[in-house]
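Single-structure report; data block below.
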Amino acid sequence: MTNNIMNAWTIPAFEPRPIQTTALEWIEDQYPDTKYFFVQAPVGSGKSLIGTTAASWMASQSELHQSSYILTPQRILQKQYEQSFDRNIMASLYGKSNYTCASRNTTCDIGTILKPPCTPCPHRSAKGRARHTKNTVLNYTIALLAFKYTQIFDPRPLIVLDECHTAEEYLTEIDAATINSYRAKKFGVKWVQHDRLNQAYDWTNLMYLPKVDQYLRDLENELAHLLDNDYAEPTNAEMKKLRDLKKTQEHVDTIREITLKPLGDVERLFVYVHDKETKKFKRLNGGYNFKRILEPYGEKFLFMSSTILNYRGLCRDLSIDPDQSAYIDLTSEFEPKNRPVYFMPQTKMNAAWRKPENKAGRERMINKIEEILEMHKEDSGIIHTGNFAIAKWLVEELALSTPQKIFHHNPESGDDRGKIIDAFQAYTKPSILISPSITEGLDLKDDLARFAIIVKVPFGFLGDQWIKRRMELSKEWYQRRALIDIIQGAGRIVRSKEDWGNAYILDESFRYLFQQGQDSVPKWWKDAYRVV
């Protein structure tokens with residue numbers, strides 16, 4: 001048993017920094033009475049070492065084997081964990097489609113359908129390593145699927161939820177059932193729009209599922225010579241049909257989880273999200289799946305993010321007892337002068353921003369953006385737009401005036417978001433990336449970006465019935481989400497103590513948001529905040 005948590009420091013070759021020591025000693029002080037540890041740690045805090053050291057120490061206090069499951073929202077973060085730690089203490093597991101089935105010249109999601117099982121199977125080998133290695137890194141989706149549907153893993157002393165402000169979205173999406181008009185047409189079902197959940201529920205049960213079941217039976221019969229015989233060699237066309245079979249079966253399983261529930265339970269626990277082309281049944285909050293799927297696999301839980309903001313609110317969202325929880329807000333080691341955030345209000349970018357009476361406000365906004373771009377003409381940077389309508393407007397307005405090359409992935413361009421981001425990062429001359437969806441997941445260190453402009457406060461779209469329902473239940477939740485996106489978006493550009501960059505918030509609507517939520521905004525962020 002390791003009594004002092006610092007004796008469990010995961011990488012002895014590196015001295016722990018003061019901020020890491022503070023967090024770890026706080027965890028030790030709260031243990032064992034606390035079950036849920038919330039650590040708000042800004043960029044550059046070394047959260048991965050905090051998590052793995054806490055896991056190693058808690059394992060020494062527990063009767064369970066291994067140490068932890070570390071959950072992250074993105075594969076790129078999984079890779080960072082893999083690269084930072086020795087293979088003997090850290091393993092990752094990805095979805096089957098990420099592994100190659102060499103014997104059948106396909107990926108393991110298809111190869112595992114066919115007989116006999118391949119030897120060796122790269123996915124099976126990765127699964128074995130993930131099961132037996134002390135710390136296993138999984139993205140949220142793979143973790144939830146594995147914990148819910150398989151018996152691969154056993155409980156461990158600690159589950160680390162990295163970027164925990166994103167956890168609820170994965171917990172509500174994991175069993176969300178989505179039907180669209182394209183699928184309905186594919187299965188031979190007449191598409192009907194419904195405004196009420198009970199109507200969509202009945203249509204799904206009586207009209208949609210029987211047709212999908214028949215489609216599955218027909219496809220299974222067509223592919224029986226591959227499914228029932230050993231060493232079958234599918235053609236490319238048959239590979240495509242095997243993928244269709246797998247995806248359709250998964251789709252049916254998800255839909256049936258909804259339709260097997262009594263209508264009253266679905267109306268109470270789910271929100272019906274719909275538009276002209278889509279129907280979706282989505283859980284109202286993440287609490288049910290947190291308790292049912294995640295909790296059985298951990299004795300303790302460590303929530304880490306730079307933007308928890310209101311840990312009691314997150315407890316409420318996940319049905320966690322605050323009395324079993326503890327929270328610490330760590331300070332930033334980055335000098336405020338290296339990461340200023342300037343609030344320079346120009347106009348309210350609300351739903352009326354395009355109306356004729358707001359022409360003067362739009363002109364002020366464009367003029368200020370051009371002024372900032374001229375000031376940073378030797379730099380690259382990013383512009384957060386909140387939606388594609390504003391992104392399209394900015395691309396058109398700035399095309400002839402900005403000295404930087406413009407990168408964007410607006411729908412009319414047909415460009416892939418990931419490829420555009422890669423192209424922006426690879427470009428060696430000053431450029432700007434304009435997008436509504438880059439507030440998270442980008443590591444734009446040093447000269448990759450020296451400025452970030454936030455044109456619109458990214459309030460959730462109230463045309464989405466789930467967001468609207470959550471806002472009706474809690475305005476604090478709705479405002480918290482917007483503040484998280486603002487802080488995350490500004491944080492894309494300063495990634496180390498030596499890095500520097502300026503963030504500019506131009507939407508007048510931020511004034512009210514900040515007034516309402518400033519008590520939950522981290523002190524390290526407010527230290528760099530300036531009103532101009």
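The values are calculated or read from the model by the stated rules, or taken from the named source; none is laboratory data. Remember, it's a predicted structure, so these values are computed and weren't measured experimentally. As a convention, Cβ positions derive from the backbone with ideal geometry for all residues, glycine included, and neighbour counts pool all protein chains shown.
Just to be sure I understand the filter: pairs with C-beta atoms under 6 Å, separated by 6 or more residues or on different chains, first member in region 73-98 and free of Cβ contacts under 8 Å to residues at least 24 places away in the same chain, second member assigned to a helix (DSSP H, G or I) and of a type in the set (D, E). Which pairs pass?
Going by the 6 Å Cβ cut-off, the qualifying pairs are S97/D109.
Is it the case that region 145-160 has a residue that's basic (K, R) and in contact with a His (Cβ under 9 Å, 6 or more places away or on another chain)?
yes
Return the pair list, or none, for Cβ contacts closer than 6 Å from residues in region 20-31 that are free of Cβ contacts under 8 Å to residues at least 60 places away in the same chain to residues that are of a type in the set (S, T, Y) and surrounded by 17 or more Cβ atoms within 10 Å (Cβ to Cβ), at least 6 apart or on different chains.
L24/T53
Scan the strands (runs of 3 or more DSSP E) fully inside region 398-486 and keep the ones with 2 or more residues being modelled with pLDDT of 95 or more, β-branched (V, I, T) and under 23 Å from L373 (Cα atoms).
Here the list reads 431-435, 451-454.
Residues that are farther than 30 Å from P122 by Cβ and in contact with a Leu (Cβ under 7 Å, 6 or more places away or on another chain), at least 2 per element: which helices (runs of 4 or more DSSP H) completely within region 1-101 meet that?
It comes to 18-30, 47-61.
Might you let me know whether region 410-431 holds any residue that is closer than 18 Å to N387 by Cα, in the same structural domain as F343 (by TED's automatic domain parsing), of a type in the set (D, E) and more than 20 Å from the chain's Cα centre (by Cα)?
The answer is yes, given that some residue of region 410-431 is closer than 18 Å to N387 by Cα, in the same structural domain as F343 (by TED's automatic domain parsing), of a type in the set (D, E) and more than 20 Å from the chain's Cα centre (by Cα).
Tell me which of these Q518 doesn't satisfy, since it passes every other one: (1) part of a loop (DSSP other than H, G, I, E, B); (2) over 15 Å from S306 (Cβ atoms).
(1)
If you take just the helices (runs of 4 or more DSSP H) that sit entirely in region 194-284, which of them hold at least 3 residues that are free of Cβ contacts under 8 Å to residues at least 60 places away in the same chain and loosely packed, with under 12 Cβ neighbours inside 10 Å?
Helices (runs of 4 or more DSSP H) meeting the threshold: 209-222, 236-259, 263-269.
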